[in-house]
Amino acid sequence: MSGRIVETAKVLPKGQITIPKDVRDALGVDTGDRVMLIGDGDRIVMVNPATYAVEWLGDQMAGKASEAGFACVASVRRSPDHHDATFAK
């Protein structure tokens with residue numbers, strides 16, 4: 001997401017809110033998708049759980065392959081659904 005988005009949402013009687021469209025677009029969420037709410041001090045941050053999981057896993061795994069002595073040679077073709085990666089020790 002580029003830039004800052006500031007929006008308001010009204011809390012309905014059952015605790016529901018409507019997430020403004022520009023926020024949904026920035027998070028990449030659509031009808032029926034789930035969002036994750038993360039408490040951070042005196043703030044609550046809303047994130048797309050799939051994106052958060054990938055980023056968290058990347059942070060957890062950063063440098064682990066090289067620490068284990070593996071070298072990754074990856075080639076990514078133009079097709080978005082075709083990725084090759086080979087690992088050698």
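Summary table below
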| quantity | calculated |
| --- | --- |
| Set of the stretch 2-26 residues, backbone N closer than 17 Å to the point 7 Å along the Cα-Cβ line of Glu55 | 2-6, 23-26 |
| The stretch 51-60 - phi-based ³J(HN,Hα) in whole Hz, Karplus 6.51/-1.76/1.60, Gly and Pro as x | 5, 4, 4, 5, 5, 5, 4, x, 5, 5 |
| Those trypsin sites (Lys or Arg not before Pro) in the stretch 1-42 that DSSP places in a loop and that have at most 14 other beta carbons within 10 Å | Arg4, Lys10, Lys14, Arg34 |
| Fully extended contour minus Cα-Cα distance, from Thr31 to Lys10, at 0.36 nm per residue | 5.7 nm |
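Computed from the coordinates by the stated procedures, all read-outs in this text should not be read as laboratory data. Quick caveat, the model's predicted, so the values are computed rather than measured. Methodologically, a virtual Cβ is constructed for each residue, glycine included, from the backbone with ideal geometry; neighbour enumeration extends over all protein chains shown.
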